[in-house]
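Working notes, beginning with the structure itself.
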Amino acid sequence: MLSEGVKGLIGLIWFCFEVNAFVLGQEQQGSYTFPLIKVGTEEELYSKYIHSIAEAKNNDIILGAFGPQLIVYNGIDIETMDLGSEVQQSFNLGACGERVLVSSANKLFLKAVHSGKSELIFEGQSNIELHVTDVSNPLFSDADKLYRVDEIGGIELLKAFPKANIRQVLYLENNKYLVVTDDENLYILDGESEEVLKIGAGVRAILNSSHEIFLVYRDRVQLFDRASGGIGFKVSERGFSEIQAWASGSEAAWIIANNNLYQLNKNGIAKLTLKAEEPILNLAAIWESRDGTLWIGTYGQGLYKLYDLHIRELYFQGQSMGNVNSLFQLPESTSFVFASAKGLFINDSGRIKKIKIPEMQYFSVAPFSSHELILAGQEYLVLKNLKTDEITLFTNPLLEESEVNILQKSEMGLFVGTQRGLFLFDLNLRKSNEIRSSQGHRLSQVSQIEILDSGEIVILESGELFEIRGESAFKISIDTEDLNFLVLKNAGNHLLWAAGSQGKALLIDVKEQSVNRVLNSKRAKNIFSLAINSQDELILGTERGVELHSNSGILYYDDRISFLESNLNAMLINDDGNLLFGTVNGLMELGKDYQLKKRAGPRLSNLQINGEEVYPSLQFLNLAYGQQSLYFKAIMNDYIRGRDCLMEYRLDYFDQEWVKAERGTGVQFTNLPSGKYQIEVKASHFQGDVSYYKFPLVIVVAKPFWKEWWFLIMVVLAGGLLIILGYFWFQRKTIRKNLKLSRLVAERTREIEEINKGLENTIKARTSELNHKNRALETAIGKQERIMAFVGLISSNSQDIVCLLDRSRKIVLISESVKTILGHASRDLRGMDINEVFPGLLQVEEWNSELFSQQVPMTFRTFSPKGELLVLETIGKKILNHEAGFDQGYVLNVRNVTEREVLKSEIQSIYRNIHRDFHDEVGNKLARIIALVSVLKLQVQAGECPGITMDRIESAAKSLYGDTKDFIWSLDTSNNTLESLGLQLRDFGVHLFEGSGIDFHFKINLEKDMPLAPNLVRDLMLLVKELLTNVLKHSHGRFCQLMVLQKEKHLLFLVKDDGIGLSPADRKGNGLKNLHFRSGRCKGELLIKSRNGTLMGIRVKASSH
């Protein structure tokens, strides 16, 4: 511990350069940005100019796009239709029942949504404006005239306003309308009496939600009083002079003005900051659908959707927080602290302040009290008082050259987990004791310390759990099935949630050392953060977003965060009940009122009986027996990753099992028995919830006539009559049959005797014939066995395949070694063409000219059944029939030479590398020596002193000798091991820094020695030598350490110094390019860190060598 005088001196030094060494605290009200989801990227909707949006009666989203095009989106599929030449590029649209109204200039069309059919229903005198707030009561205006359209396209004139054209109309109730004209006057129109009452002036627009109607002026916004029919109280002192687009919503109204999005409710106007793929969105259109989703059309940037305002990202000074890697709440306080790549911040009641701390490298931060933080820096502990801004620094030899993994305050003191072990400091940070395992092992990998409500202290060490009792840590023995724990969370008395790999979270009773509950994530493999809300529901932060686990099931949050990876132990519930969690991309907040979307039920889109489509909205469907093929498909408008919604079907009263259907397809049922049926649908949504629906359509299959009661009675009577008649007929038939049989017995007896004699003669002849054929067959089998034995003798002791072919090149015999090389049994290949077994062996026209004319083996390539490349070598010979004068067949010998070719390629690669390295290491230095000798000659002739030049020649010759010795050492295969390489590099470093004033250290930590490839040994040696040489030449330091480490599946060669570090110019020089080249040849990763000196090195995979 530092003495008071030394502490005072350090405090004075810090005070003297406070302006440079401290980050000035900055305070600002925290702002939110709301992430948007882009729609239709796969269907190339991303580049469309969406200028108009509406929602059909069946909940489909209908878009008007520049083209002119009409686009229909149901959450799964996107359908695009051209509107034809009669419609201009820019047009307006609105829903009208099951169809769409399209206004273009002075024409109004009524178009079917899913077909190309459109009908011109109105042609006016000026541009037609649509005023659709209700799909069953759409309105439009032509200059000063207001019209209403029914669902079949009928048009009714409601009223003409002779003094000004109509700008906007809003339907109230009881056939009353609120009308704004171009001269900004506000009227109420009674549709029954056609009376018009002016109630205001200066109104720019009318907006509404499900509860309020807003009147927008240039300088204010006021409510419309439905009860009195007049103007109500003022909502906002701010108005809008220009409005690009607006939309009505369930809880608020929406405005696009000056390319910004505003929310308007009875509390006022709020400007929303949006986050999208593009840095700047050019907003064009807006619409809120019935499920509460906000749809935003843009100029040439496609369509976006905003589900709600419950998921947002916290900003500071208009910028994202960046990588938030630590997040915790101060004890006995509502404030929480978080650390990111941009600094250390505190959030107090929505106001964010950047905490000023000394500029040094920090490894960990933790709360020390309700107004104090403890930070672990390099060789220091820093105590920060948030009230007074006072900073106290403490040092301890335990912190030197060791990173701090974790800080945790308890009643026992401050736990400090370092790479040297776990230590317990007293609350004055003066004395410390080391905590070791019960077996005496150091705890150097502690990543978290959790204190339970009942006082137990549990630590997480290398993925395992330990409980601290006194000055020892005892392992908690539970069956984890190789589970690697990553994060802990206090769950009450003796209870602890522990989670990590395999997507599992375990509720552990620490006292009983038992597992009370296991939760599994169905999507994530790793759990990094845990939180428990006020309903005791567990929230998991994973590599695939956030999950809420409750007794009713699992809630997966929507795709705004479903693919965000939570940082380790960076999640908390604030006092408002909202969830905060840190990610690589920023600090996200999930509102406590987040809930699933209201989804409309599915609808039948295709109902077919025996292949013929019927109208799907029927209530009853009667089928005659025999109409037994039923096909149907349902569509459900699910706008949260609807393509991941799994639809399953079944027929009630027919089958209890659900039938899965692929996306965009239906199911078919056949052979339906008679009875009544209803179609049921089960929808498993992306967010984990499951919906069940039953369509009102009742399908009745009639009984067949043979199941009717009258038919059954007739069958019973007819059966009785047939039995009586059959009995009498059988009696008479039996008598006649007995007489006939007595006569036939005598005749048959004589015939049988004659047949027996003939059979005996035939058997004797056939026996003799079979004996003759058996002897011939035995002779043929013997010949074939001798041939097979000969073929087996040829190829039994080799990897050769011997083939006997007929004239048509069909395989007659092939050796068993074909199974070893190609994986085929020889009996399965008989009769096959040789080119089918060895594709690419030879073309038919090349058969005689190449394979048999030259007694030289030919090489070709093919693939094994496992997909491996095989290199085969073949030679053949013809079998001639000298008596007939033609080829009788062929004999082929095929040999597997794959290993020979691979070895040849590897040897050539090694030769090339040796030649290049020898040229680089020796050639350049020989050239330098030659050049220096030339300079020496000139100096001797001129009478100058050649001492400096001779020293340079001597230095270059020594360097050449050392490089040549190292090069020859690397060629010796007995040196190609990891330990030998480390010792050779150590010797090089000792000789290099000898007498240089730089203190050289060497550290090697190997789990086990392992062989290395020759090329890798040379490349690693050259790279590390260059790193050490750079330290000698350029670091200007006093310390250099070479570390050779083996960590899990990687090898690390690191060079660390305390010099001046790397400048921006150094990072662009040829030296780094050469290092990157060397690391690329090693198939490794170049590591560079320049702070408080320089740490450079390379990391390569151990398994790849």
### Task
Identify, by number, the condition in (1) surrounded by 14 or more Cβ atoms within 10 Å (Cβ to Cβ); (2) at pLDDT below 80; (3) at positive phi that Gly840 doesn't meet.
(1)
### Task
State which residue is farthest from Val179 (Cα to Cα) when the search covers only region 100-141 and only residues that are basic (Lys, Arg) and at pLDDT 85 or above.
Lys111
### Query
Got a sec? Which strands (runs of 3 or more DSSP E) wholly within region 170-289 have at least 1 residues that are in contact with a strand residue (DSSP E or B) (Cβ under 7 Å, 6 or more places away or on another chain) and within 30 Å of Asn585 (Cα to Cα)?
253-257, 260-265, 268-275, 283-288
### Message
Scan region 594-609 and tell me whether some residue there is of a type in the set (Lys, Arg) and not in a loop (DSSP other than H, G, I, E, B).
### Response
yes
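Let's see how each residue does on (1) of a type outside the set (Gly, Ala, Ser); (2) modelled with pLDDT under 85:
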position: Gly995; (1), (2): no, yes
position: Met1010; (1), (2): yes, no
position: Asn1030; (1), (2): yes, no
position: Glu1048; (1), (2): yes, yes
### Query
Yes or no: Asn516 in contact with a Leu (Cβ under 7 Å, 6 or more places away or on another chain) and loosely packed, with under 14 Cβ neighbours inside 10 Å?
yes
### Query
Can you name the residue in region 1093-1104 that is part of a strand (DSSP E or B) and either more than 25 Å from Lys1008 (Cβ to Cβ) or among the aliphatic types (A, V, I, L, M) (or both) and is also nearest to the chain's Cα centre (by Cα) among such residues?
Val1100
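Can you name the residue in region 307-353 that is in a loop (DSSP other than H, G, I, E, B) and aliphatic (A, V, I, L, M) and, of all such residues, is nearest to Asn574 (Cα to Cα)?
Among residues in region 307-353 that are in a loop (DSSP other than H, G, I, E, B) and aliphatic (A, V, I, L, M), the one nearest to Asn574 (Cα to Cα) is Leu330.
For every residue, the table says whether it meets (1) surrounded by 18 or more Cβ atoms within 10 Å (Cβ to Cβ); (2) in contact with a helix residue (DSSP H, G or I) (Cβ under 9 Å, 6 or more places away or on another chain); (3) not assigned by TED's automatic domain parsing to the domain that holds Phe425.
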position	(1), (2), (3)
Phe336	yes, no, yes
Leu344	yes, no, yes
Gly350	no, no, yes
Gln361	no, no, no
Val365	yes, no, no
Leu373	yes, no, no
Ala376	yes, yes, no
Val382	yes, no, no
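With region 979-1092 as the region, which strands (runs of 3 or more DSSP E) entirely inside it contain at least 1 residues that are assigned by TED's automatic domain parsing to the domain that holds Trp969, over 37 Å from the mean Cα position of the chain (by Cα) and surrounded by fewer than 16 Cβ atoms within 10 Å (Cβ to Cβ)?
Hits in region 979-1092: 999-1005, 1039-1047.
Here's the yes/no breakdown for (1) outside any loop (DSSP other than H, G, I, E, B); (2) over 31 Å from the mean Cα position of the chain (by Cα); (3) within 25 Å of Val416 (Cβ to Cβ); (4) not aliphatic (A, V, I, L, M):
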{"site": "Val458", "(1), (2), (3), (4)": "yes, yes, yes, no"}
{"site": "Glu467", "(1), (2), (3), (4)": "yes, yes, yes, yes"}
{"site": "Asp479", "(1), (2), (3), (4)": "no, no, no, yes"}
{"site": "Asp482", "(1), (2), (3), (4)": "no, no, no, yes"}
{"site": "Leu486", "(1), (2), (3), (4)": "yes, no, yes, no"}
{"site": "Gly492", "(1), (2), (3), (4)": "no, yes, no, yes"}
{"site": "Trp497", "(1), (2), (3), (4)": "yes, no, yes, yes"}
{"site": "Asn516", "(1), (2), (3), (4)": "yes, yes, no, yes"}
{"site": "Leu519", "(1), (2), (3), (4)": "yes, no, no, no"}
### Query
Counting only residues that are farther than 18 Å from Ser402 by Cα and assigned to a loop (DSSP other than H, G, I, E, B), which one in region 354-380 is modelled with the lowest pLDDT?
Glu359
### Message
I'd like to check something: does region 101-119 contain any residue that is in a loop (DSSP other than H, G, I, E, B) and touching a Phe, Trp or Tyr at 6+ places or on another chain (Cβ under 6 Å)?
### Response
no
### Task
Report, by residue number, each residue of region 161-220 that is over 21 Å from Gln263 (Cβ atoms) and polar (S, T, N, Q).
Asn165, Asn174, Asn175, Thr181, Asn185, Ser193
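Name the residue, out of Leu178, Leu207, Leu170, Leu146, that is touching a residue at least 12 places away in the same chain (Cβ under 8 Å), among the aliphatic types (A, V, I, L, M) and over 20 Å from Ala247 (Cβ atoms).
Unique residue meeting the criteria: Leu146.
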### Task
Pull up region 660-712, narrow it to residues that are farther than 23 Å from Ile635 by Cβ and surrounded by 15 or more Cβ atoms within 10 Å (Cβ to Cβ), then point me to the one that is modelled with the highest pLDDT.
Val701
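The values are calculated or read from the model by the stated rules, or taken from the named source; none is laboratory data. Predicted model, so just to flag it, every value in this text is computed and none were measured. Using ideal geometry, Cβ is built from the backbone for each residue, glycine included, and neighbour counts are taken over all protein chains shown.
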